[in-house]
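The structure under discussion appears below in the form of structure tokens.
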Amino acid sequence: MILEDISVTVLAKNSQKYLKEVLKALSSFGEVIVYDTGSTDDTIEIAQAFPNVRVLRGELTGFGPTHNMASSAARHDWILSIDSDEIATPEMAKAIAAETLDPKSVYSFQRRNYFNGKFIKWCGWYPDRQIRLYNRTKTKFSDDQVHESIVSEGMRHVALQASITHYSYGSIADFLAKMQSYSALFAEQYQGKRKSSLTKAIAHGFFAFFKSYILKRGFLGGYEGYIISTYNGHTAYYKYLKLNEANKALAVRAPKP
């Protein structure tokens, strides 16, 4: 596949920390769309310095719908989705270039996740295979607000032997910010569609920690494994706690019979 015939989409908001490295790694692709959802740092200025980058601005209407909004503006039908804290490795570009792409197939890559300067092999973070390359005439991202994914039902899945480097969290503050964002979007997505309660929130939080720390061997990761597992537990707890609150608010607003 000729890389110049692929459009890369990157959702960004206050992404200046890694964006220069992200975009430099994508210089061989024909087009990169940076879809900015309200940056107040130097994200836009960094993006505009790259000749193959187009900057679009819009609201975050949920991660799935926003991904589809970005891809709809692309010049090419083949879309490679990269996060603003992910680096496409040279091996990844070579693997794509060597492949004869089939529009009825989706293509995945292993993701190597880093936290606190360490490659994380535990907590379910590796192997973290992600479908990221697809043809927009045949499929798209799901409409999920969070935990969105490229719809692969009825598609052939091709697992390419190349990886993406992912700098997922740079600090504890990053964990807290993402917890706030994801839990709010989760509650919005499932309000009135899924039941919740304090008991369910506690149960989901406990199991998420147990799964990450024990079943996914987070205990082998020392400090980083414990922090990640605790984050997973807290995120699950607050997702369902916020959903319970949202459901109660919906019930109050419902018309009386």
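The values are calculated or read from the model by the stated rules, or taken from the named source; none is laboratory data. No experiment lies behind these values; they were computed from the predicted model shown. Here the Cβ positions follow ideal geometry from the backbone for every residue, glycine too, while neighbour counts run over all protein chains shown. The area values use the complete protein model at the heavy-atom level, side chains included, leaving out ligands, DNA and RNA. Shrake-Rupley method; radii C 1.70, N 1.55, O 1.52, S 1.80 Å.
Computed quantities for the displayed model
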{"item": "Candidates S196, S168, S183, S163, filtered to the one that is closer than 30 Å to A97 by Cβ and in contact with a helix residue (DSSP H, G or I) (Cβ under 7 Å, 6 or more places away or on another chain)", "result": "S163"}
{"item": "Residue list for the range 51-82, restricted to those being of a type in the set (D, E) and without any contact (Cβ under 8 Å) to a residue 40 or more places away in the chain", "result": "E59"}
{"item": "In the range 8-44, the residues that are β-branched (V, I, T) and part of a loop (DSSP other than H, G, I, E, B)", "result": "T37, T40"}
{"item": "Counted residues, the range 222-257 - those being under 15 Å from Q189 (Cα atoms) and in contact with a Cys (Cβ under 9 Å, 6 or more places away or on another chain)", "result": "0"}
{"item": "Lone unmet requirement of (1) of a type in the set (V, I, T); (2) under 24 Å from Y134 (Cα atoms); (3) at pLDDT 95 or above for T61", "result": "(3)"}
{"item": "Boolean, V32 is within 18 Å of the chain's Cα centre (by Cα), free of Cβ contacts under 8 Å to residues at least 60 places away in the same chain and open to solvent by less than 50 Å² (accessible area, probe 1.4 Å)", "result": "yes"}
{"item": "Any hit, the range 200-221, residues being free of Cβ contacts under 8 Å to residues at least 12 places away in the same chain, open to solvent by 20 Å² or more (accessible area, probe 1.4 Å), more than 30 Å from Q16 (Cα to Cα) and not in a helix (DSSP H, G or I)", "result": "no"}
{"item": "Residue among I46, I2 that alone is at pLDDT 95 or above and not hydroxyl-bearing (S, T, Y)", "result": "I46"}
{"item": "Matching option when the condition is open to solvent by 20 Å² or more (accessible area, probe 1.4 Å), at pLDDT below 95 and in a helix (DSSP H, G or I), among E245, E188", "result": "E188"}
